[in-house]
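Okay, so here's the structure we're looking at.
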Amino acid sequence: MSNNTTEAVTAGLMRLALDGAALRHQAIAANIANATVPGHRPVQVRFEAQLNEARQRMEAGEAPAAVRAELAPTAQLADESEPAVAIDMPAADLAQNVVHYQALLKGYGKRMSILALAINEGKR
């Protein structure tokens, strides 16, 4: 089976999305923990832009393996122009990220149960 199959690409992108959500959770938690520290610059994870760019490149005909190799969620400091961290926005971001992560896990679990069903049906 080729590593460029739809199944392999889907699995890889789901893992990357879960990694991105986990890194975002860590960044938001660090921002909340350091909200009262003078001069603290918030940490952000902007992974969706990378995923959208990868999707566009694959739609343009680029090989999925080449695109997937360049994807990696990374944390970066916010711009100097962004205001200091207030507790209410990171708390809302954290709640949103938890729901996002849970949805990704549920989708991944469904995918795995379909694979398990296919494997078990093959044994009969």
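Could you please find all residues in segment 105-124 being under 18 Å from the mean Cα position of the chain (by Cα) and either among the small types (Gly, Ala, Ser) or more than 18 Å from residue 15 (Cβ to Cβ) (or both)? Across segment 105-124, the qualifying residues are 107, 109.
Going residue by residue through segment 50-58, is there one that turns out to be among the aliphatic types (A, V, I, L, M), exposed (fewer than 15 other Cβ atoms within 10 Å of the Cβ) and modelled with pLDDT under 80? No, that holds for no residue.
All told, residue 66 meets the bar of being at pLDDT below 80 and either touching a His at 6+ places or on another chain (Cβ under 7 Å) or closer than 20 Å to residue 9 by Cα (or both). Is it true that residue 7 is among the charged types (D, E, K, R) and either in contact with a Gly (Cβ under 6 Å, 6 or more places away or on another chain) or under 26 Å from residue 109 (Cα atoms) (or both)? It is true that residue 7 is among the charged types (D, E, K, R) and either in contact with a Gly (Cβ under 6 Å, 6 or more places away or on another chain) or under 26 Å from residue 109 (Cα atoms) (or both).
The values are calculated or read from the model by the stated rules, or taken from the named source; none is laboratory data. Here the structure is a predicted model, which is why all the values come from computation and not from measurement. We place every Cβ from the backbone using ideal geometry, glycine too, and count neighbours over all the protein chains shown.
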